[in-house]
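Have a look at the structure below, then the notes.
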């Protein structure tokens, strides 16, 4: 019965690959199996001291940081993330979240995570877009791992994303300002921050520093992709 309802739903609202626009089968979600073969996969969930951790670890006392993919211009990752952020394609966000969740289960240093924390977007942007892409990722992760979601951050600035210019120019282009909402329970020992793309690390660092104001436990990070 469920299979029949899925087929009918697909007739009314066609499900297509977020990269190549081919129709998806019932077994496929977000990206077709063909496009999934050409994603630029990292080794971050198999190696704690990965290149991203080495790049960011000196800036903050972070427990671990890992991305699913290397962000490449004009790549499948770029097209799919664009669909998630600007085309209301939450299906591909759910796919990425579940993929992250599967890898969390295989990373020994992430087995004691208590909550996953989405990086927020400004409330005006969320109203305009209708959702927060990091929240969509968290829902996919939670579906796979059963980890609860903890929304403890709000964003106070609404500047444009840091996607152009050299790395130093992007780091200095804006001040990202987050604010804690409420208090973090003392029983929590390990928080996992979730973002879509890590570019300069400025967004992550700002969120990290705000959480550190009242939390001394372990903080880890996961994202779909990173650019450096």
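Measure nothing but the geometry: give the 0 to 90° angle between the long axis through the Cα atoms of 2-12 and the longest principal axis through the Cα atoms of the chain, rounded to 10°. The angle comes out at about 90 degrees. For helix 133-145, report the angle its Cα long axis makes with the longest principal axis of the Cα atoms of the chain; keep it between 0 and 90° and round to the nearest 10°. The answer is roughly 80 degrees. Using 0.36 nm per residue and subtracting the Cα-Cα separation, the extra length available between residue 61 and residue 102 on full extension is 12.2 nm. Note on residue 109 and residue 37: their simple-model spin labels are 3.3 nm apart, each label 7 Å out from Cα toward Cβ. Across the stretch 1-145, Cα-Cα pairs more than 20 Å apart make up 55 percent of the total. With a Förster radius of 30 Å applied to the beta-carbon distance between residue 212 and residue 151, the computed FRET efficiency rounds to 0.95.
Protection proxy ranking of 24-35, 65-76, by the mean of other Cβ atoms within 10 Å over each peptide's residues and highest first, is 65-76, 24-35. Taken as Cα centroids, the stretch 37-61 and the stretch 80-119 sit 15 Å apart, rounded to the nearest whole angstrom. Helix 76-86 and the longest principal axis of the Cα set of the chain meet at an angle near 80°. Label separation (residue 183 vs residue 143): 3.6 nm, computed from points 7 Å beyond Cα along the C-beta direction.
Modelled this way, with points 7 Å down the Cα-to-C-beta line, the labels at residue 122 and residue 228 are 2.3 nm from one another.
Coordinate-derived values only; no laboratory data. Small disclaimer: the values here were computed from a predicted structure and weren't measured. Neighbour counts are summed over all protein chains in view; Cβ atoms, including those assigned to glycine, are modelled from backbone coordinates with ideal geometry.
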